[in-house]
Amino acid sequence: MRTAGQAIPESAPLRAFVARWICLRLRSGRRSDSGVHQAGEVHQRIFRGKQHADKGSVGSIDFSPDPQQKYLFVSDIMNNVVWILNRNDGSVAGRFGGMGHSGGLFHWLNVATMDSRGNVYTGEVETGKRVQKFVPTN
């Protein structure tokens, strides 16, 4: 049995989890491939930031707007970054952000979501209390 604040060993399988997902956005037409079936049955797990045993690190998960939905955009509330993960295997394709109050940085990053043009919108809670918009450059 693990007590609050203890890290989860890398090799330990999770039988249940306390951490909550605040947002999991399912894009139309691809629901069965999203990692969670419409009925809520998990069929794929991607681990990121297992060292955060307190409340986990995921604030939200969204899919890239391309037809294949190749990437997952995951807001990490503990590290204040947006992880860009390859959807098929969970490997890191990129990240942006960091701790801070200036533009492009986050304080209590809660959600990251995308629109159909690839713009990323982030929202911060607690003392962050703002929304930022990131526009793709290519």
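The values are calculated or read from the model by the stated rules, or taken from the named source; none is laboratory data. Being a predicted model, the structure only gives us computed values, none of them experimental. Cβ atoms come from the backbone with ideal geometry, glycine included; neighbour counts cover every protein chain shown.
Structure notes:
- Taking the criterion of being of a type in the set (A, V, I, L, M, F, W, C) and either farther than 15 Å from Gln69 by Cβ or out of contact with any Ser or Thr (no Cβ under 9 Å at 6 or more places or on another chain) (or both), the residues of segment 113-131 that qualify are Val125, Val131.
- Residue that is modelled with the highest pLDDT [pool: residues in segment 70-103 that are of a type in the set (S, T, N, Q) and closer than 16 Å to Phe134 by Cα]: Ser102
- Those residues of segment 55-66 which are touching a Lys or Arg at 6+ places or on another chain (Cβ under 9 Å) and not polar (S, T, N, Q), in sequence order: Lys55, Gly56, Val58, Ile61, Asp62, Phe63, Pro65
- Conditions (1) surrounded by 14 or more Cβ atoms within 10 Å (Cβ to Cβ); (2) modelled with pLDDT of 90 or more; number of the one not met by Gly49: (2)
- Considering Asn88, Asn80, the condition of being farther than 22 Å from Thr137 by Cα and polar (S, T, N, Q) is satisfied by Asn88 alone.
- Taking segment 93-122 as the range and being free of Cβ contacts under 8 Å to residues at least 40 places away in the same chain and touching a Leu at 6+ places or on another chain (Cβ under 8 Å) as the test, the residues that pass are Ala93, Gly97, Gly98, Met99.
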